[in-house]
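The structure under discussion appears below in the form of structure tokens.
Any read-out appearing in this document is the output of simple, stated calculations on the displayed coordinates, not a laboratory observation. Please read all numbers here as calculations on a predicted model, not as lab measurements. In this analysis, Cβ positions are derived from the backbone assuming ideal geometry, glycine residues included, and neighbour counts consider all displayed protein chains.
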């Protein structure tokens with residue numbers, strides 16, 4: 001008895017070469033056959049011939065409409081564009097996986113948890129699409145703890161200016177923040193939330209309040225940055241954080257409310273030489289790119 005697979009049961013449609021799809025996407029992105037040809041190193045006539053065969057012989061659908069000197073996609077062309085982008089991404093993933101068999105393994109990275117919420121999702125999403133066989137193990141702790149660990153291949157930390165270590169990712173402004181419902185004038189003694197008792201950010205905050213002669217109390221403390229941010233978002237306290245981490249439920253407190261300017265902070269990437277490999281260096285480059293302002 002002959003075995004019939006799912007592939008055998010599919011209609012016998014003509015195939016579409018990936019190079020044809022690349023040409024089609026280039027035309028859609030650039031708005032013309034000539035510019036697309038320049039990008040993919042083909043003549044305008046060769047591009048036109050490719051698309052004519054795609055429309056008339058393969059799909060039997062009109063894909064383009066001319067609008068003066070511009071080329072626009074028909075509704076059928078818009079449908080194909082979505083599929084073409086997905087097919088080309090999958091094609092790239094196959095070659096990344098099979099042609100780079102060394103890109104398989106485990107990478108341990110360390111980062112404060114507030115960076116995870118803001119920066120890491122997009123970075124890891126792009127990395128995992130390109131290298132789906134690499135496993136990422138994340139460790140979320142404060143900078144002082146992370147700097148003591150020797151089992152992490154890559155570590156993202158924050159440092160005071162002038163405290164140079166690792167590779168600079170970006171420089172951030174530190175700001176005072178509180179909930180939109182937090183009224184500063186209602187508190188004779190300012191409730192302060194901090195995520196590290198011995199961190200330089202805590203020292204900056206308390207020093208600034210002392211210099212301004214403003215009474216305060218350390219009302220909430222946790223090593224979990226998300227927990228502290230939730231407390232502040234509920235209107236229970238004020239805190240100091242990086243400007244890029246300020247969420248919609250928080251507002252920045254300015255000089256008009258008695259809060260002065262704070263120092264800048266550097267975000268830096270540490271590489272563990274004992275764990276250097278093509279995998280860790282590749283992920284490091286994704287991290288550098290993802291933190292770029």
Calculate how many DSSP beta bridges within the stretch 169-265 are antiparallel, expressed in % of all such bridges and rounded to the nearest 5.
60
Taking the 0 to 90 degree range and rounding to the nearest ten, how far is the long axis of helix 120-130 tilted relative to the main principal axis of the chain, both from C-alpha atoms?
30
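Need one word for the stretch 185-233: rounded, prolate or oblate. Basis is the Cα gyration tensor (sqrt eigenvalues a ≥ b ≥ c); a/c below 1.5 gives rounded, then a/b vs b/c decides. Provide the component values of the computation, followed by the final result.
Working: a/c = 2.71, a/b = 1.31, b/c = 2.07.
Taking the square roots of the gyration eigenvalues as a ≥ b ≥ c, the stretch 185-233 is oblate.
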So the FRET efficiency between residue 257 and residue 83, C-beta based with R0 = 41 Å and rounded to 0.05, is 0.15
Residues of the stretch 225-252 with amide N under 18 Å of the 7 Å Cα→Cβ point at residue 210:
240
For the chain, longest principal axis from Cα atoms; helix 278-291 axis from its Cα atoms; angle between them, nearest 10 degrees, is 70
Extension reserve of the residue 170-residue 18 stretch, reckoned as 0.36 nm per residue once the Cα distance is removed
50.9 nm
Taking 0.36 nm per residue of sequence separation and subtracting the Cα-Cα distance, how much length would be gained by fully extending the chain between residue 41 and residue 217, in nm to one decimal?
56.7 nm
Roughly how many whole Å is it from the C-alpha centroid of the stretch 145-168 to that of the stretch 11-65?
49
For the chain, what class follows from the C-alpha gyration tensor (a ≥ b ≥ c being the square roots of its eigenvalues): rounded when a/c is under 1.5, otherwise prolate if a/b is larger than b/c, else oblate?
prolate
With only alpha-carbon atoms counted, please give the Rg and Dmax of the stretch 169-265, in Å.
12.2, 39
How far, in degrees from 0 to 90, does helix 75-99 lean away from the longest principal axis of the Cα atoms of the chain, to the nearest 10?
70
Plugging the Cβ-Cβ distance of residue 48 and residue 288 into 1/(1 + (r/R0)^6) at R0 = 30 Å yields, to the nearest 0.05, a FRET efficiency of 0.15
Among DSSP beta bridges whose residues both lie in the chain, state the antiparallel percentage, nearest 5.
60
So if I restrict to the alpha-carbon atoms in the stretch 10-99, what is the Rg, and what is Dmax, the biggest pairwise distance, in Å?
13.4, 44
Note the full-extension length gain between residue 130 and residue 150 as 0.36 nm times their separation in residues minus their Cα-Cα distance, in nm to one decimal.
4.5 nm
Shape verdict for the stretch 162-213, please, from the Cα gyration tensor: rounded (a/c under 1.5), prolate (a/b greater than b/c) or oblate.
prolate
Sorted by Cβ neighbour density within 10 Å, fewest at the top, the residues 48, 158, 163:
163, 48, 158
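Counting each DSSP H run of 4 or more residues in the chain as -39500 (n - 2.57), what helix-only mean residue ellipticity at 222 nm follows after dividing by all residues, to the nearest 500 deg cm²/dmol? The partial results should precede the final answer.
Working: 11 runs with 117 residues, N = 293.
After summing the helix terms and dividing by residue count, I get -12000 deg cm²/dmol.
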